[in-house]
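Q: Questions regarding the structure given below will be posed in turn.
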Amino acid sequence: PENRRSQAAVAEFGYQLPAALNVNLSLGYVNERNGFLGSFAGSEQFNAGARSTFVGAGLQARIADKVNLTGNYVRMYSRISGSGNLSLINSSNVTSDAFAVNLNVDDLFVKDSKITLGVSQPLRASSGGLQFDLPSQIMVKGPGSYSYLHNRNASLGGPDGREIDVALEWSQKITPAINASFTGLAMRHPGHDADASMGYGALMSLNIKLR
């Protein structure tokens with residue numbers, strides 16, 4: 001939507017080391033309107049935007065002839081501010097991070113196949129939290145005349161859980177134009193909720209290239 005349009009800029013630097021090891025560093029800036037860290041509030045009282053800077057590091061290493069290891073880590077520093085006169089969110093600082101590690105093996109059992117084992121953590125607030133400006137008292141000055149007193153110390157900290165996703169993907173080239181894949185996924189603490197049950201998922205796909 002137009003009122004949620006965001007701006008972003010990213011700079012990436014890469015370097016190839018001996019022993020088939022590639023490393024990269026990324027620096028970036030994101031300006032989110034009427035939403036923050038990918039979230040969106042449908043109520044004006046909780047509308048907020050964010051200005052975030054982030055740094056990311058990644059590597060890709062060839063362990064063996066047909067075995068590759070990749071890894072990425074991102075750390076984001078966000079300044080969240082309420083949007084509009086009705087928002088109850090005060091300026092807040094939040095630090096969040098995410099990571100992913102994947103092991104890729106080609107032609108393990110069948111030619112033209114690929115198996116990927118991945119472990120990842122979606123973006124999670126690791127420190128800081130939202131500060132709220134909540135009305136706590138009503139001061140009555142007279143008939144029809146009153147004002148609100150606000151509690152500026154109310155806060156909402158980070159999640160009590162940490163979502164960890166484990167995925168196993170197998171893909172197979174059937175013909176030069178047809179590729180099939182199957183993915184199984186297990187999620188611990190989905191949504192970073194420590195009380196959430198284990199989550200499971202599966203995905204099958206068939207890609208056909210038309211000429």
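Readers should treat all values here as calculations from the given coordinates under stated rules, not as data from a laboratory. Because the structure is predicted, anything quoted here is derived from the model rather than measured. As a convention, Cβ positions derive from the backbone with ideal geometry for all residues, glycine included, and neighbour counts pool all protein chains shown.
Q: Taking H as built 1.01 Å from N, whose amide H comes closer than 5 Å to the amide H of residue 63, not counting residues under 5 places away?
A: Here 68, 69 satisfy the definition.
Q: At 0.36 nm per residue, and after removing the present C-alpha to C-alpha distance, how many nm does the segment from residue 103 to residue 17 gain when stretched out fully?
A: Details: separation 86, 0.36 × 86 = 30.96 nm, distance 1.93 nm.
Stretched out fully, the residue 103 to residue 17 stretch lengthens by 29.0 nm.
Q: Please list, in order along the range 192-202, the HN-Hα scalar couplings obtained from phi with the Karplus expression 6.51 cos²θ - 1.76 cosθ + 1.60 (θ = phi - 60°), rounded to whole Hz, x for Gly and Pro.
A: Karplus-based 3J(HN,Hα) across the range 192-202 equals 6, 9, 5, 8, 6, 6, 4, x, 9, x, 8 Hz.
Q: Additional query: Rank-order 117-130, 53-66 by packing density, defined as the average count of other C-beta atoms within 10 Å over each peptide's residues, highest first.
A: Values: 117-130: 16.4, 53-66: 14.4.
For the peptides 117-130, 53-66, the packing ranking is 117-130, 53-66.
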